[in-house]
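Visitor: Okay, handing you the structure first.
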Amino acid sequence: YPSVQIDNAGISADTTAGGLRRVEQVLTPTTKILVIALGGNDALRGLGVNESRENLRKIIDIGLQHGAQVMLCGMEAPTNLGDDYRSAFHQLYFDLLRAYQRQIVYVPFLLEGVAGHPELNQTDGIHPNPEGARLVAAHLFPQLKDMVDRIQ
């Protein structure tokens, strides 16, 4: 796909609130796909699940209103926040999927096959190292390829 330009607008340690503040600046007239991979830092900080859900909902709405295809990548909360928080955090992504059926592409867990594998993560045990990042990219590629093919 030589004509595809990828702009990584991710910021380390960003939250859904930060993503919402920046999404309008990120979307240009040529943006065709918006990948939303936010929420993990909300969970690491124990931020409110309802706030995270609402921020993601607004980001999705802005992306769709812009005319972009939207991919939402689910995240999971760490175990130290308790089962109630983890369950509610997990559910927020399914709530969004249900609300935006057929309007978005959904990846249940961005770090599938990478999270919990020390050899695939940096020393913080959370963020993928280069090999882990390759696996994340391979995990996302089939759906992203379909999205790009629909544009081409």
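The values are calculated or read from the model by the stated rules, or taken from the named source; none is laboratory data. Nothing here was measured: the structure is a model prediction, and the numbers come from that model. Here Cβ is always computed from backbone atoms with ideal geometry, including for glycine, and neighbour counts include all displayed protein chains. For the accessible areas, the whole protein counts, side chains as well, though only heavy atoms, and no ligand, DNA or RNA atoms are used. Shrake-Rupley method; radii C 1.70, N 1.55, O 1.52, S 1.80 Å.
Visitor: Quick one: how many Å² of K32 are accessible to a 1.4 Å probe, rounded to 10?
Guide: 100
Visitor: Let me ask you something else. Kindly list the residues of the stretch 41-76 that lie in the label zone of T28, defined by a backbone N under 17 Å from the point 7 Å along the Cα-to-C-beta vector.
Guide: 66-69
Visitor: Amide H of Q69: which non-local residues (sequence gap of 5 or more, or other chain) have their own amide H closer than 5 Å, using H built in the peptide plane?
Guide: Sorted by chain and number, the residues that satisfy this are I33, L34.
Visitor: With every protein chain in place, what's the accessible area of V23 (1.4 Å probe, Å², nearest 10)?
Guide: 10
Visitor: I've got another one for you. List the DSSP H helices in the chain whose Cα atoms stretch 20 Å or more along the helix axis and whose mean Kyte-Doolittle hydropathy is at least -0.5. Let's see the in-between values first.
Guide: Numbers: long enough: 49-66 (26 Å, -0.72); 83-99 (24 Å, -0.53); 130-151 (29 Å, 0.03).
Counting only whole DSSP H runs, the qualifying helices are 130-151.
Visitor: Separate question: Subtract the Cα-Cα distance of Q5 and R45 from 0.36 nm times their separation in residues, and report this length gain in nm to one decimal.
Guide: On the way: separation 40, 0.36 × 40 = 14.40 nm, distance 3.27 nm.
Difference between extended and current length: 11.1 nm.
Visitor: Using θ = phi - 60° and the Karplus form 6.51 cos²θ - 1.76 cosθ + 1.60, what ³J(HN,Hα) does each residue of the stretch 67-77 get, whole Hz, x for Gly and Pro?
Guide: x, 7, 6, 10, 10, 10, 9, x, 10, 10, 8
Visitor: Taking the DSSP beta bridges in the chain as the whole, what percent of them are antiparallel, to the nearest 5? Please list the in-between numbers first.
Guide: Values: 1 of 9 bridges.
Beta bridges within the chain, antiparallel portion: roughly 10 percent.
Visitor: Name the residue from M147, L110, P130 whose Cα lies farthest towards the positive end of the charge dipole of the chain, charges +1 on Cβ of Lys and Arg and -1 on Cβ of Asp and Glu.
Guide: M147
Visitor: Which whole-angstrom value gives the distance between the alpha carbon centres of the stretch 101-152 and the stretch 5-24?
Guide: The two parts, judged by their Cα centres, are 17 Å apart.
Visitor: Another question about this same structure. According to a simple spin-label model (label point 7 Å from Cα along Cα-to-Cβ), what is the distance in nm between Q103 and N129?
Guide: 4.1
Visitor: How large is the dipole of the chain about the Cα centre if only Lys and Arg carry +1 and Asp and Glu carry -1, each at its Cβ, rounded to the nearest 20 debye? Walk me through the numbers on the way to the answer.
Guide: Working: 13 positive and 17 negative charges, 96 e Å.
I would put it at about 460 debye.
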